[in-house]
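A.B. asks: Mind having a look at this structure? Questions to follow.
The values are calculated or read from the model by the stated rules, or taken from the named source; none is laboratory data. This is a predicted model, so every value here is computed, not measured. So basically every Cβ, Gly included, is an ideal-geometry build from the backbone, and we count neighbours across all protein chains shown.
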Amino acid sequence: MLNRVALVTGGSRGIGRATALALCRAGFEIVVASPELEKNEEVAAEIRSCSGRALTLDLDLANLESVKTAFGTALRECGRIDVLVNNAGITRDALAMRMKPEDWDLVIRINLSGVFFATQQVLPRMLKERWGRIINVASVVGRSGNPGQANYVSSKAGVIGLTKCLAQEVGSRNITVNAVAPGFIETDMTAKLSPEVKAKMAEKIPLGRFGRPEDVAAAVKFLASEDAAYITGQCIDVNGGMYM
Ligand code: NAD
């Protein structure tokens, strides 16, 4: 069987790490790409310890040259990228009135422009192969809005729009483009919240708890699989029912 390669941006921890491990168990060779070189290596070591194949890459999505270099290396070393998981993302929260221009720019640059430029790097090869899976990690707030997150919400709503646009552009070449929209997931991103805030949020979630990175990874793994071959342009909510 063909050895398919999956590249996970922000694969060093949280949802990206869980996704890298889940795709490895599904038989993919994994490229772990983030600016956290030591953590990338730790994830790669975990993958190799269960007989998987992994490559690590230094990737800064805020920098187009870094994106081009990292993806060039991945394509050279692995020969192909069949699945791109645009997972990396950051927050810089503030009420709109007080949001600093640099915090607006950085979040849009990493969360939205980063997804676009990373996707541009993999499309030529996927178009040639007539097979590809692009899976973008959006957010529940990209659907619902959220006070204090104008930059982040705009980036994630943009990712959902970009997903639908790309799905229409490349569908005829058997490339699917989908998104997952996680709710509140237990990672470093939500670790900053106080226990009181977390308890209040959990009350609003029908399933009564925050999600685990593995809950999101399972949806990504499905979208990367042959079973999802006829699904494109969709955004799957993985949010415990907090937004319907
Ligand atoms: P996390 O903070 O644990 O991990 C973020 C990842 O992004 C890390 O691997 C980090 O190295 C990488 N990253 C940061 N800046 C980068 C850059 N400039 N270039 C490349 N990589 C960079 O976050 P997480 O909770 O695992 O989030 C993963 C994705 O899920 C993000 O897109 C986030 O917006 C989204 N999400 C998370 C939640 C949640 O509750 N945790 C909810 C909805 C959506």
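A.B. asks: Checking the structure you have, find out if any residue of segment 197-215 is within 30 Å of GLU129 (Cβ to Cβ) and among the hydrophobic types (A, V, I, L, M, F, W, C).
C.D. replies: no
A.B. asks: Could you list, in sequence order, all residues of segment 25-41 that are part of a helix (DSSP H, G or I), more than 11 Å from the ligand (Cβ to nearest atom) and in contact with a Ser or Thr (Cβ under 8 Å, 6 or more places away or on another chain)?
C.D. replies: Residue satisfying the conditions is GLU41 alone.
A.B. asks: Just checking, how many residues over segment 84-114 are touching a helix residue (DSSP H, G or I) at 6+ places or on another chain (Cβ under 6 Å) and within 9 Å of the ligand (Cβ to nearest atom)?
C.D. replies: Number of matching residues: 6.
A.B. asks: Could you list, in sequence order, all residues of segment 188-208 that are surrounded by 14 or more Cβ atoms within 10 Å (Cβ to Cβ) and modelled with pLDDT of 95 or more?
C.D. replies: Scanning segment 188-208 gives a single hit, ILE205.
A.B. asks: Right, something else. Answer yes or no: is there a residue in segment 215-228 that is of a type in the set (Phe, Trp, Tyr) and more than 15 Å from the chain's Cα centre (by Cα).
C.D. replies: The answer is no; no qualifying residue exists.
A.B. asks: When segment 53-104 is examined, which residues are found to be farther than 23 Å from VAL5 by Cβ and among the β-branched types (Val, Ile, Thr)?
C.D. replies: ILE90, THR91
A.B. asks: Between a residue in segment 172-189 that is assigned to a strand (DSSP E or B) and any residue that is more than 16 Å from the ligand (Cβ to nearest atom) and polar (S, T, N, Q), which pairs come within a Cβ distance under 7 Å, given they are 6 or more apart or on different chains?
C.D. replies: Final answer for the pair search is THR176/THR232; VAL177/THR232; ASN178/THR232; ASN178/GLN234.
A.B. asks: If we keep just the residues of segment 9-24 that are under 15 Å from THR190 (Cβ atoms) and among the hydrophobic types (A, V, I, L, M, F, W, C), which is farthest from the ligand (Cβ to nearest atom)?
C.D. replies: Residue satisfying both the conditions and the ranking: ALA18.
A.B. asks: Another question about this same structure. Between GLY211, GLY233, which is at positive phi, of a type outside the set (Lys, Arg) and in contact (Cβ under 8 Å) with a residue 24 or more places away in the chain? I'd like the intermediate steps shown before the answer.
C.D. replies: Numbers: GLY211 fails: at positive phi.
Answer to the selection: GLY233.
A.B. asks: Go through THR119, THR69, THR163 for me and flag whichever is in contact with a Cys (Cβ under 7 Å, 6 or more places away or on another chain) and modelled with pLDDT of 95 or more.
C.D. replies: Details: THR119 fails: in contact with a Cys (Cβ under 7 Å, 6 or more places away or on another chain); THR69 fails: in contact with a Cys (Cβ under 7 Å, 6 or more places away or on another chain).
Among THR119, THR69, THR163, only THR163 is in contact with a Cys (Cβ under 7 Å, 6 or more places away or on another chain) and modelled with pLDDT of 95 or more.
A.B. asks: Also, I was wondering about something else. More than 22 Å from LEU123 (Cα to Cα) and within 13 Å of the ligand (Cβ to nearest atom): does that describe GLY183?
C.D. replies: The answer is yes for GLY183.
A.B. asks: Now for a different question. Restricting the first residue to segment 69-96 and requiring it to be over 21 Å from ASN111 (Cα atoms) and assigned to a loop (DSSP other than H, G, I, E, B), which pairs with a second residue that is within 11 Å of the ligand (Cβ to nearest atom) and not basic (Lys, Arg) meet a Cβ separation below 6 Å and a spacing of at least six or different chains?
C.D. replies: Every condition considered, no pair remains.
A.B. asks: Identify, by number, the condition in (1) within 13 Å of the ligand (Cβ to nearest atom); (2) out of contact with any strand residue (DSSP E or B) (no Cβ under 9 Å at 6 or more places or on another chain); (3) not in a loop (DSSP other than H, G, I, E, B) that LYS128 doesn't meet.
C.D. replies: (1)
A.B. asks: Answer yes if at least one residue in segment 225-240 is within 20 Å of GLU129 (Cβ to Cβ), of a type in the set (Ser, Thr, Tyr) and either surrounded by 13 or more Cβ atoms within 10 Å (Cβ to Cβ) or in contact with a strand residue (DSSP E or B) (Cβ under 7 Å, 6 or more places away or on another chain) (or both), and no otherwise.
C.D. replies: Yes, segment 225-240 has at least one match.
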